Amino acid sequence: MKRMSKVCPICELSLRVIDYKDERLLTRFLTERGKILPRRLSGCCARHQRQMSTAIKRARELALLPYIKGHVG
Amino acid sequence: MTRQYEVVYIFDSALEEAAITEKLSRFHALIQQPGDAAQPELNHWGKRSLAYPIKKHETGYYVIAKFDAAGEQLPEFERAIKLDDGVLRFLVVLAENAQPAPVAVAKADSDEEDDE
């Protein structure tokens with residue numbers, strides 16, 4: 001697991017909104033099993049952690065991201 | 001009052017491109033503003049694999065559309081999509097925050113300078 005930096009990684013990118021269609025960005029905030037990283041590990045500020053988790057949940061609904069990675073149904 | 005929305009459709013990838021275009025125009029006719037001929041801004045992502053199977057399909061045809069609509073028009077729009085078997089899944093979200101920030105602040109600053 002990557003060590004968290006002092007600054008929120010999304011603040012650093014200075015994005016206005018987190019796009020739920022940008023799965024490349026969102027995969028940075030997932031564990032290898034596809035869970036959302038807690039703030040402790042993602043290093044996001046409160047606002048961006050909230051926006052990021054909403055974006056991930058939308059992406060999951062659209063099958064851009066898996067709910068569980070490596071799951072064989 | 002109209003607001004800006006964004007909708008993502010996932011169509012059955014077995015459908016022909018013409019059939020998808022026909023369905024899109026049928027859906028978008030429902031959110032057409034009276035007296036405004038503006039067409040939704042379409043973005044075809046095309047066929048891509050799904051992160052997990054939906055209705056036993058492994059791939060889907062993604063289309064993203066941005067449009068202005070009144071909130072009262074949406075229930076009927078969503079109902080029409082839900083009834084369509086060619087659409088595996090769809091998502092309608094408000095896209096208002098995605099608009100570029102207004103430049104009014106910078107303008108006001110320059111006005112002040114002019115006064116001085």
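Has the stretch B:55-70 got any residue that is away from every other protein chain (no Cβ under 14 Å), farther than 12 Å from B:TYR9 by Cα and more than 13 Å from the chain's Cα centre (by Cα)? Checked the stretch B:55-70: at least one residue is away from every other protein chain (no Cβ under 14 Å), farther than 12 Å from B:TYR9 by Cα and more than 13 Å from the chain's Cα centre (by Cα).
Residues in the stretch A:45-67 that are at the interface with chain B (Cβ under 7 Å from one of its Cβ atoms) and not aromatic (Phe, Trp, Tyr): A:ARG58, A:GLU61, A:LEU62, A:ALA63, A:LEU64, A:LEU65, A:PRO66.
Every listed requirement among (1) surrounded by 18 or more Cβ atoms within 10 Å (Cβ to Cβ); (2) among the small types (Gly, Ala, Ser); (3) within 14 Å of chain B (Cβ to nearest Cβ) is met by A:GLY70 save one, (1). The set of residues from the stretch B:5-43 being surrounded by 15 or more Cβ atoms within 10 Å (Cβ to Cβ) and either of a type in the set (Lys, Arg) or within 14 Å of chain A (Cβ to nearest Cβ) (or both) comprises B:TYR5, B:GLU6, B:VAL7, B:VAL8, B:TYR9, B:ILE10, B:PHE11, B:ASP12, B:SER13, B:LYS23.
Taking the conditions (1) more than 27 Å from B:HIS44 (Cβ to Cβ); (2) of a type in the set (A, V, I, L, M); (3) touching a Phe, Trp or Tyr at 6+ places or on another chain (Cβ under 7 Å) in turn, A:ALA59 satisfies each one other than (1). For the stretch B:33-47, the criterion of a residue being under 17 Å from the mean Cα position of the chain (by Cα) and on the phi > 0 side of the Ramachandran plot is satisfied by at least one position.
Within the stretch A:19-35, is even one residue at pLDDT below 95 and farther than 24 Å from B:ILE54 by Cβ? Checked against the condition, which is being at pLDDT below 95 and farther than 24 Å from B:ILE54 by Cβ, the stretch A:19-35 yields at least one hit. Just wondering, is there one or more residues in the stretch B:48-68 that are surrounded by 12 or more Cβ atoms within 10 Å (Cβ to Cβ), more than 30 Å from A:LYS69 (Cβ to Cβ), β-branched (Val, Ile, Thr) and out of contact with any Asp or Glu (no Cβ under 7 Å at 6 or more places or on another chain)? For the stretch B:48-68, residues surrounded by 12 or more Cβ atoms within 10 Å (Cβ to Cβ), more than 30 Å from A:LYS69 (Cβ to Cβ), β-branched (Val, Ile, Thr) and out of contact with any Asp or Glu (no Cβ under 7 Å at 6 or more places or on another chain): absent.
The values are calculated or read from the model by the stated rules, or taken from the named source; none is laboratory data. Keep in mind that this is a model prediction, so the values were computed, not measured. Note that we place each Cβ from the backbone using ideal geometry, even for glycine, and neighbour counts take in every protein chain shown.
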